[in-house]
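The values are calculated or read from the model by the stated rules, or taken from the named source; none is laboratory data. Note that the coordinates shown come from a computational prediction; the quantities given were computed from them, not determined experimentally. As a convention, Cβ positions derive from the backbone with ideal geometry for all residues, glycine included, and neighbour counts pool all protein chains shown.
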DNA sequence: ACAATACCGGACAAAATTGTCCTTAATTAT
DNA sequence: ATAATTAAGGACAATTTTGTCCGGTATTGT
């Protein structure tokens, strides 16, 4: 469904959202520890999220990463890492798959995709952080 | 969503279903031509589908491939190529993601997955062949 | 029998994804 | 100022996925 990088990205964002509402920074080690991901690879994904303006970063001692100060949907995270592919491209891989040039599965999957897009575009990171803070939702194992 | 191999597999199966209801065989060239896929790679996927008992094959002149004589769901095709991964594994990649050890997105995606599984397990190849035969659904471009 | 056809299967190659290493640049605290 | 800390970024390595090539085997028609 999502690439491995995108799975990490979602966990990163949810984690950073759950770690203090205010201004606290989490470093690379904190992040990769919290989500149990390879450190160097996690660094690359953090960079992508910073460039996509979903995270702020600060260097130097006591530096780290922080979620940008606004509401962020799961869709924004997915698009930042995996692009629009999942949202818009044909499940059978047709270059042009539209109402007047549909693949055989077009209608069936349209409904599923709309459902998925609905969830991704209406679910905010803040909707998910609660369970992590309370300790009844998990980011690893 | 699906691997490229799985996309090809679905197109292959739909095509073979649309090409005569009865006993006609289609060769590798027919298939890869009909779905616009690389021939040698298509051959590999055809082999996998034969081994998964979704296709029959016959060698020699006038040989080729044919859909096995029974109803086949999209789910069977997807599982044969991509495995259970899409159906059962956690969208955030947790090894164990269940009711009592859920990831933060567990509930949200459970609904999407159920929807997807519903479509895959209740849609038969025969439900899709009509549009291809009539020429208003397409397997390439 | 023999030649032509068409699938089988193993080895190999290319590309994409995932993951690592190491140097540089920025910032902080002493 | 200097040393310690932390992100940035480039190069590289491993793995997986996608795709190719070619000799082997079965089958058909003559």
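Remarks
- Here A:32, A:37, A:88 are screened, and the one residue that is more than 10 Å from chain B (Cβ to nearest Cβ) and within 30 Å of residue B:7 (Cβ to Cβ) is A:88.
- Within the range A:48-62, considering residues that are assigned to a helix (DSSP H, G or I) and within 11 Å of residue A:9 (Cβ to Cβ), the one nearest to the chain's Cα centre (by Cα): A:49
- Subset of the range B:20-45 that is touching a residue at least 12 places away in the same chain (Cβ under 8 Å) and assigned to a loop (DSSP other than H, G, I, E, B) - its residue that is surrounded by the fewest Cβ atoms within 10 Å (Cβ to Cβ): B:23
- Filter pass, residue A:17 being more than 13 Å from DNA strand C (Cβ to nearest atom) and in contact with a strand residue (DSSP E or B) (Cβ under 9 Å, 6 or more places away or on another chain): yes
- Residue B:89 fulfils the conditions (1) surrounded by fewer than 17 Cβ atoms within 10 Å (Cβ to Cβ); (2) more than 30 Å from residue A:14 (Cα to Cα); (3) within 16 Å of DNA strand D (Cβ to nearest atom) except for a single criterion, (2).
- Considering the range B:55-64, the residues that are touching a strand residue (DSSP E or B) at 6+ places or on another chain (Cβ under 8 Å) and within 6 Å of DNA strand C (Cβ to nearest atom) include one that is farthest from residue B:16 (Cα to Cα), namely B:63.
- Boolean, residue B:2 is outside any helix (DSSP H, G or I) and modelled with pLDDT of 95 or more: yes
- Residue selected from the range B:69-85 under the condition closer than 17 Å to residue B:43 by Cα and away from chain A (no Cβ under 12 Å), by the criterion nearest to DNA strand D (Cβ to nearest atom): B:81
- Filter pass, residue B:115 being crowded, with 19+ Cβ neighbours inside 10 Å and facing chain A (nearest Cβ under 10 Å): no
- Complete set of residues in the range B:64-82 that are surrounded by 12 or more Cβ atoms within 10 Å (Cβ to Cβ) and over 11 Å from the mean Cα position of the chain (by Cα): B:64, B:65, B:66, B:67, B:68
- Members of the range B:65-115 that are touching a residue at least 12 places away in the same chain (Cβ under 8 Å), part of a loop (DSSP other than H, G, I, E, B), in contact with a helix residue (DSSP H, G or I) (Cβ under 7 Å, 6 or more places away or on another chain) and away from DNA strand C (no atom under 16 Å from the Cβ): B:71, B:72, B:104, B:105
- The range A:126-138: number of residues that are under 13 Å from residue B:103 (Cα atoms) and more than 9 Å from every other protein chain (Cβ to nearest Cβ): 3
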